[in-house]
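This report refers to the structure that appears directly beneath it.
Nothing in this text is a laboratory measurement; each read-out follows from the coordinates by a stated rule. Just so you know, these numbers come straight off a predicted model, no measurement behind them. Methodologically, a virtual Cβ is constructed for each residue, glycine included, from the backbone with ideal geometry; neighbour enumeration extends over all protein chains shown.
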Amino acid sequence: MVLKIHSRCNLACDICYMYELEDQSWKTRPTVISQETVAQVAQRLSDYAKAHLLDSVAVILHGGEPLLVGPARLRRICEEITHTLSPVTTVDLHMHTNGLLLHERHLEILKEFDVKVGVSVDGDQTANDRHRLDRKGRSSYEKVLRGIERLRAPEYLNLFQGILCTVDVENDPVTVHDALTRLQPPRIDYLLPHSTWDSPPPAGSSRSATPYADWLLRVFDRWLEQGRPMEVRTFDSVLSTLRGGPSLTEAMGLAPSDLAVVETDGAIEQADSLKAAYDGAPATGYDVFRHTFDDFARHPGVRARQSGLGGVSETCRRCPVVQSCGGGLYTHRYSTERGFDNPSVYCDDLRAFIEGVAERITDRTLSPAVHDIGELRLAQVELTHELLRRANDRASEDTDWARAWQTLLFLDGDARAGAELDVLLTHPYVRSALRRVWSEGPLSGWLAALTVAAGVRGRTEVTLAWDQRNRELHLPTLGTLRLPMSGRVEITTGPDGFTVRHADGTQRVRVGEADHGTWRPLRPQLSTQSPLPLADGPLIDDADPYRHCFPADVQDPLETADRELFGKRVQLAFELADEQLPGWRGDRNLLVPWVVTPLARGTGVQLGEHAPGALGIAVDAEPELVAQQLPRLGRRARFFALRETTDLTVPGRPAGRLLDEADDALATACRAPDDCFDAGPRAVALKEAHRALTALADEPERDLTETGAAFVGRLWADWQRWAQ
């Protein structure tokens, strides 16, 4: 939630969407938010967080210039929000400022409430002074630098969240980026100037058809040359979505909008950038005194920005880079004639930029994982290791994370514990959790629980303490412990379990023994001897908090009898598949799932997204139907896992979609012998595979990597074998 606490500014930026563009509603609003309004906002947000069981909420103090409220009022605002929200959820306070008033009195208050600070600055002095002058037309640059210098003092450095820079193609991109790099921000966010089809962006003196793409790609090249010294949100988002990951910015990608804006008078509005579209564009008619945030969430304007691919124009839906672009920022799509049913006014630039990034990051070397399932599993473990390393790089200020990380390194150096850790890191929901870490920040409790699980599995004694946010403490692959309360916990592992110490006392847990109401162990099917995943049956995991990686809803943790019944149905499905297609689990084309999660009724059988090895099965799915799907899904899982660890095509090109279609069709054709599968559907599937493979041959050869070309060769061989 963006909370406007002051509606005026001490700068006069000529590109400001709030004061200089279409919407002028600031003129009729209170200069400063009242304490009554702050209290009502905090209560409404607390009610919403409680009703929806939110782990955390982010409140961004904004303006105008928020520091104009003064130190005393700033403290009261932070106190009210923290006091009201903290009993219900974790509150993350942020502030966006122009930096001119970052003096010690303000910084002490920001430190007291752990308010993370983002500062606007557009590069070196020449670039910054092009638009960001004070109200008397004077440079603001030196004052901003002094504010950032104070913010970077050791006692405040952990508050420095990053820099926002508005792109002006008249400024030299490398000079701008180097100037910002010298300020050593943890993050830079390059923003395109707010423009619409009615008010197109300035092209500057460039004769290029895509001046903004050219500008950003020069910065991207410089950033890579520097070794990516800080996060750059636009770049990180494109890198993520090109590999099938989540969008990290509202400005690009198909992630649903989760933003509310509250003005100084308590009005609840949509994204602030909409002020650039037309007068009244962000308005909803709602306010915190008469309406709730649930009312706001149901507003048609909000829903329009939460419908993913269905919410973009027809032109965008046909575009190969739509997953990365997402139609661009919603505001930038506006025209008087068609409303928001347009591509972004930056459409050509966004596509050129995304395709330029894709070309630069494509790995064209041949991966042995394309031919060997064992190599693919190794590549998956290494990918998880890399994601862990990246997460650790982002968590340097989190002491609980740091202790868990050091313990994890210790376990990795032990032969037995290290082997168990490698098995643990193949758990698909470890990957799901790391995706949350990448998009939301470090989850120290999760890493600590992962480390404890590795210690238990490796029979190695370790001790870790951390702040447990809820009462359900889940240890991956082992089980879930229900604590008497949330709060600080300390766990010591032992040869057959672990001991938990907390404010209410001590609990001793043996991992293989259920303790009704307290410890709920996970067990693999067909064996009760070990919590390890076994080749003869999958692990049923219905409790991992990061199992929500399926296109369908997961089932709540099952009662004991229901879980046993579900396990028997899963076991029967695997046995039937073994009868129908003997040896299918050893097929080099398949990645056989070893973690099965119950899904809601009527949702069928689903693969986990970006969670190789995870299979979701509806609690009411018939074993016979599941058995028919298992070989097909095993093949699809292998394709998805291979695509995550190496490049088959240049990301964002049509060749990737065609490769997916060909593999999907062959997976359908090859799923069972003739006496189990009607020849008609198989013929249709083979025809579809042939169409996709033939279309692939018409795509530019450079769009396929060596691994992709090898994979296409295997698909042709499979097609010929099954067609005969």
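Going 7 Å from the Cα of LEU366 in the Cα-to-Cβ direction, what parts of region 688-712 have a backbone nitrogen less than 17 Å from that spot?
Answer for region 688-712: 704-712.
What is the distance in Å between the Cα centres of region 105-147 and region 690-707?
51 Å
What number, in percent, do you get for the relative contact order of the chain if the mean sequence gap of Cα pairs under 8 Å and at least 6 apart is divided by its residue count? Intermediate results must be reported in sequence, preceding the final value.
On the way: 1299 pairs, mean separation 65.1, N = 724.
Dividing the mean separation by the residue count of the chain yields 9 percent.
In nm, what is the difference between 0.36 nm times the number of residues separating ASP114 and GLU337 and their Cα-Cα distance?
Working: separation 223, 0.36 × 223 = 80.28 nm, distance 4.56 nm.
Full extension from ASP114 to GLU337 adds 75.7 nm.
What is the antiparallel percent of DSSP beta bridges lying wholly in the chain, to the nearest 5? Walk me through the intermediate numbers first.
Numbers: 40 of 72 bridges.
Given both bridge residues lie in the chain, the antiparallel proportion sits at roughly 55 percent.
Using θ = phi - 60° and the Karplus relation 6.51 cos²θ - 1.76 cosθ + 1.60, list the HN-Hα couplings for region 201-206 in order, rounded to whole Hz, with x at every Gly or Pro.
In residue order, the calculated couplings are x, x, 8, x, 8, 5 Hz.
Straight-line reach from LYS568: which lysines have Cα under 21 Å away, leaving out those fewer than 8 places along the same chain?
Output for LYS568: empty list, no partners.
Using per-residue counts of other Cβ atoms within 10 Å, averaged over each peptide, order 52-62, 647-657, 412-422, 175-185 from highest down.
647-657, 175-185, 52-62, 412-422
Using just the helices of the chain, give the 222 nm mean residue ellipticity in deg cm²/dmol: DSSP H runs with n ≥ 4 each add -39,500 (n - 2.57), and the total is spread over all residues, rounded to 500.
Numbers: 23 runs with 294 residues, N = 724.
Helices in the chain give a 222 nm mean residue ellipticity of -13000 deg cm²/dmol.
Work out, step by step, the length gained on full extension between SER206 and GLU609: first 0.36 nm times the residue separation, then minus their alpha carbon distance; give nm to one decimal. Each step should come with its number before you reach the end.
Details: separation 403, 0.36 × 403 = 145.08 nm, distance 4.20 nm.
Length difference between fully extended and current span is 140.9 nm.
In straight Cα distance, which aspartates and glutamates are under 20 Å from LYS136, not counting same-chain residues fewer than 8 positions off?
Within reach: ASP14, GLU20, GLU65, ASP122.
Would you be so kind as to identify which of TRP594, GLN580, GLY656 lies farthest towards the positive end of the dipole of region 577-660, taking Lys and Arg as +1 and Asp and Glu as -1 on Cβ and the Cα centre as origin?
Projecting each Cα onto the dipole axis, the largest value belongs to GLY656.
Using only Cα atoms, locate the centre of region 457-502 and the centre of region 160-178, then give the distance between them in Å, rounded to an integer.
Here the two parts' Cα centres lie 45 Å apart.
Mind giving me the nanometre distance, one decimal, between the label points for GLU36 and ARG657, set 7 Å out from Cα along Cα→Cβ?
Distance between the two pseudo-spin positions: 5.5 nm.
Of the options ALA358, ALA391, LEU411, report the single residue whose Cα projects farthest towards the positive end of the charge dipole of region 357-436 (beta-carbon charges: Lys, Arg +1; Asp, Glu -1).
ALA358
Applying 1/(1 + (r/R0)^6) with R0 = 51 Å to the Cβ-Cβ distance of GLU564 and GLU225, what FRET efficiency is obtained, to the nearest 0.05? Don't skip to the end; give the middle numbers.
Values: r = 58 Å, r/R0 = 1.13.
It comes to 0.30.
How large is the dipole of the chain about the Cα centre if only Lys and Arg carry +1 and Asp and Glu carry -1, each at its Cβ, rounded to the nearest 20 debye?
Working: 82 positive and 105 negative charges, 142 e Å.
Taking the Cα centre of the chain as origin, the dipole is about 680 debye.
Under a straight-distance cross-link criterion of Cα-Cα below 26 Å, which lysines are reachable from LYS111, leaving out those fewer than 8 residues away in the same chain?
Correct list for LYS111: LYS4, LYS143.
Could you tell me which residue out of PRO30, VAL452, ALA49 lies farthest along the dipole of the chain toward its positive end? Charges go on the beta carbon: Lys and Arg +1, Asp and Glu -1, centred on the Cα centre.
It is PRO30, whose Cα lies furthest towards the positive end.
Suppose each label sits 7 Å from its Cα in the direction of the beta carbon; what would the ARG150-ALA697 distance come out to in nanometres?
7.0 nm
When the chain is fully extended, how far beyond the present Cα-Cα distance does LEU309 get from ASP620, taking 0.36 nm per residue of separation?
The span from LEU309 to ASP620 would gain 109.0 nm if fully extended.
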